[in-house]
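Have a look at the structure below, then the notes.
The values are calculated or read from the model by the stated rules, or taken from the named source; none is laboratory data. This is a predicted model, so every value here is computed, not measured. All Cβ positions, glycine included, derive from the backbone under ideal geometry; neighbour counts span all protein chains shown.
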Amino acid sequence: MALLTVRTAAQRLGVGYSTLKQWIYGGQVRTTTTAGGHHRIADTEVERLIARSNPAAPPVARAASPVGLIVALSGRNRLRGFVDEVRIDGLMGQVRLRIGDQTLTAMITADAIEELKLRRGDSAVAIIKSTEVMVARETDAPPARKVRTRRRRTR
């Protein structure tokens, strides 16, 4: 079980540092306190906050699971997680994702790792199809465009 700083946990949850501190003080987030009085949050607690779908939950429950934009992909089994380790050796690379309390390891090309700019701590999606595992990164959906409508003049 990895313990995260409040700042790191806030980044993963997609909320501000001060917001997360307020949730901690309000008792909505379970933490461990260090000898120096600093809060540490278990990665399982962060996963719990992301997965929580209770409508009465703090805003993180609804806004924290980042929804990215993949135009089309045939792989239906998508597992969201965080990059735990990246190793590159020659043409191939190994990416280890932490998905909840599970670990998934994928072997992909070094070029793919460079193109995806995968680094430890990044969020990523493992896409599983048959015997293959593909790793993808998502971007935020572009803002909706305003559509102008013309009014017809009536006589």
Filter result for Val147 (more than 15 Å from the chain's Cα centre (by Cα), modelled with pLDDT of 90 or more and either aliphatic (A, V, I, L, M) or surrounded by 15 or more Cβ atoms within 10 Å (Cβ to Cβ) (or both)): no
Looking only at residues in segment 36-51 that are outside any helix (DSSP H, G or I) and of a type in the set (A, V, I, L, M), which one is farthest from Asp101 (Cα to Cα)? Ile41
Restricting to segment 120-144, and then to whatever is in a strand (DSSP E or B) and at pLDDT 80 or above, can you tell me which residue is farthest from Gln102 (Cα to Cα)? Ala136
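To keep it simple, each residue is scored yes or no on (1) within 16 Å of Gly81 (Cβ to Cβ); (2) charged (D, E, K, R); (3) touching a Phe, Trp or Tyr at 6+ places or on another chain (Cβ under 8 Å).
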position	(1), (2), (3)
Ala2	yes, no, no
Thr5	no, no, no
Arg12	yes, yes, yes
Gly16	no, no, no
Thr19	no, no, no
Gln22	no, no, no
Gly37	no, no, no
Arg48	yes, yes, no
Checking Val6, Val83 in turn, the sole residue that is under 30 Å from Thr109 (Cα atoms), modelled with pLDDT of 90 or more and surrounded by 12 or more Cβ atoms within 10 Å (Cβ to Cβ) turns out to be Val83
